[in-house]
1. Is at least one residue of region B:23-33 in a strand (DSSP E or B), facing chain A (nearest Cβ under 7 Å), surrounded by 12 or more Cβ atoms within 10 Å (Cβ to Cβ) and more than 12 Å from the chain's Cα centre (by Cα)?
2. Regarding region A:82-100, can at least one residue be identified that is on the phi > 0 side of the Ramachandran plot and either outside any loop (DSSP other than H, G, I, E, B) or more than 10 Å from chain B (Cβ to nearest Cβ) (or both)?
3. On the basis of being of a type outside the set (Phe, Trp, Tyr), within 7 Å of chain B (Cβ to nearest Cβ), closer than 23 Å to B:Lys23 by Cα and touching a Lys or Arg at 6+ places or on another chain (Cβ under 6 Å), does A:Ser46 make the cut?
4. Give A:Ala115, A:Ala131 a once-over and let me know the one that is in contact (Cβ under 8 Å) with a residue 24 or more places away in the chain and in a loop (DSSP other than H, G, I, E, B).
5. Looking at this structure, is B:Thr14 hydroxyl-bearing (Ser, Thr, Tyr) and assigned to a strand (DSSP E or B)?
6. Please give the number of the condition A:Val23 fails out of (1) surrounded by fewer than 20 Cβ atoms within 10 Å (Cβ to Cβ); (2) of a type in the set (A, V, I, L, M, F, W, C); (3) modelled with pLDDT of 95 or more.
Amino acid sequence: MSYPELQKLGVEVISVSVDSPFVHKIWNEQELSKMVDGGVPFIMASDMGGKIGSLYGVYDDEGGVDIRGRFLIDPEGVVQAMEVLTPPVGRNDAELLRQIQAFQHHQATGEVVPAGWQPGKSTLKPSTALAGNVWKEWQPKK
Amino acid sequence: MNARVGKVAPNFTTRAFHKGEIKEISLEDYRGKWVVLCFYPGDFTFV
């Protein structure tokens, strides 16, 4: 995960699995610190029993594990985005970064962010006059 | 209640490992910051 980029955006990362905090510690020491300099920088939370996963609708009680669910929570504590995948496929943090930048842009300016937006591309200012005229301001190909 | 977009994220308190220490955390401790909450199936797996 591109943790330095997330830090620049003021984002705290909390990972959650059903492993105990001691297992997180050993996993970090034995394996992850050999893949990431200095080990895992973010918070590794323990969800033994799956109560947290159940609250978020991602606990699989057949497997006894939390499936891959990612929730983006804003500074007011409101869930702004979520993505849930079955276990065999990992996530793509480029899309996560784009969504954070888009929500931060919206919260800072009140502007809304069209599909496929990237930082630096145009956004829209909602108004009565804009209704029916989005095509003048924004074209999907541009 | 399950998490939904546009609604306040369900709070929880649990133990966590962070920077060499095991400590208790609550989601509410992070009000004022953006938070990415990432669930995954388990340590020592492959993806």
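1. Filtering region B:23-33 for residues in a strand (DSSP E or B) gives B:23-26.
With the extra rule that they be facing chain A (nearest Cβ under 7 Å), the set shrinks to B:25.
Going one step further and asking which of them are surrounded by 12 or more Cβ atoms within 10 Å (Cβ to Cβ), we end up with B:25.
Next, only the ones that are more than 12 Å from the chain's Cα centre (by Cα) stay: none.
Scanning region B:23-33 turns up no residue that is in a strand (DSSP E or B), facing chain A (nearest Cβ under 7 Å), surrounded by 12 or more Cβ atoms within 10 Å (Cβ to Cβ) and more than 12 Å from the chain's Cα centre (by Cα).
2. No, that holds for no residue.
3. yes
4. Exactly one residue qualifies, and that residue is A:Ala115.
5. Criteria met by B:Thr14.
6. Answer for A:Val23: the failing condition is (3).
Condition check ((1) within 14 Å of the chain's Cα centre (by Cα); (2) of a type in the set (A, V, I, L, M); (3) surrounded by 14 or more Cβ atoms within 10 Å (Cβ to Cβ)) across all residues:
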| position | (1), (2), (3) |
| --- | --- |
| A:Ser33 | no, no, no |
| A:Asp47 | no, no, yes |
| A:Gly53 | no, no, yes |
| A:Asp66 | no, no, yes |
| A:Asn92 | yes, no, no |
| A:Pro126 | no, no, no |
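The values are calculated or read from the model by the stated rules, or taken from the named source; none is laboratory data. These numbers were taken from a predicted model, which means no experiment stands behind them. Note that each Cβ is placed from the backbone with ideal geometry, even for glycine, and that neighbours are counted across all protein chains shown.
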